[in-house]
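Just so you know, all these numbers are worked out from the coordinates, no wet-lab data involved. Every value quoted in this text rests on a predicted model; they were computed, and no experiment measured them. Glycine also receives a Cβ, built like all others from the backbone with ideal geometry; neighbour counts cover every protein chain displayed.
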């Protein structure tokens with residue numbers, strides 16, 4: 001806490017877990033925190049009372065720094081002020097570790113930003129030689145059977161994997177379609193396509 005305050009006074013900016021803030025904002029937050037750790041637990045809801053008890057117990061000082069009647073921080077003796085500052089620093093630590101939750105409109109700035117998933121992006125296209133080989137196999141298959149290519153990806157998959165007898169061969173042909181540009185999400189696996197007849201490939205079994 002002292003380090004954040006020193007940096008703020010030196011640079012004008014305090015870097016909190018969520019974003020940087022002006023040192024004036026930080027000092028107002030700190031002053032509010034000092035007031036809050038001195039509140040009687042009888043004046044707040046049970047969750048806040050539990051947080052206050054944890055703060056003081058963790059800091060190792062008498063709760064409310066021994067105050068019986070609330071007094072502003074500036075009127076406290078130096079010993080009580082030191083306890084209050086350590087309690088405020090303890091509160092920041094407990095907020096940072098997730099043991100207590102900071103309330104108020106700026107409380108979220110004291111918590112670490114939760115992990116957010118970043119889209120991995122589209123996979124890179126296959127090398128041209130791999131694409132050409134897969135395309136040739138697909139075109140040759142439909143040409144050899146003199147049948148019209150189905151309109152839907154599911155239909156193309158069903159027709160292209162019709163001669164397959166094993167899951168390995170089915171998956172291989174499905175991958176060929178993905179290689180030439182079919183969306184993998186539009187090509188169901190063998191179970192969802194209803195190919196319950198497919199079995200693990202026995203040794204020496206020819207591919208389809």
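The table below lists the values:
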item	result
Extended-chain gain in nm, criterion 0.36 nm per residue less alpha-carbon gap, residue 43 and residue 196	48.4 nm
Two-site label geometry, residue 81 and residue 119: point separation in nm, points 7 Å out along Cα→Cβ	5.5 nm
Exposure proxy order (Cβ contacts within 10 Å, fewest to most) of 145, 174	145, 174
Whole-Å semi-axes of segment 128-193's equivalent ellipsoid (Cα gyration tensor)	16, 14, 12
Rough spin-label spacing in nm, given labels placed 7 Å along Cα→Cβ, for residue 189 and residue 13	4.9 nm
Computed lengthening from residue 167 to residue 22, 0.36 nm per intervening residue step minus Cα-Cα distance	46.0 nm
For 117, 196, order by how many other beta-carbon atoms lie within 10 Å, fewest first	117, 196
Intensity falloff of the chain expressed as log10 I(q)/I(0), Debye formula with alpha-carbon point scatterers, at q = 0.15 Å⁻¹	-0.95
Residues 140, 68, sorted so that the one with the fewest Cβ neighbours within 10 Å comes first	68, 140
Label point 7 Å beyond Cα of residue 70 along Cβ direction - residues of segment 25-42 with amide nitrogen under 11 Å	35-42
Alpha carbon centroid spacing (whole Å) that separates segment 20-34 from segment 84-117	13 Å
Rough spin-label spacing in nm, given labels placed 7 Å along Cα→Cβ, for residue 31 and residue 112	3.1 nm
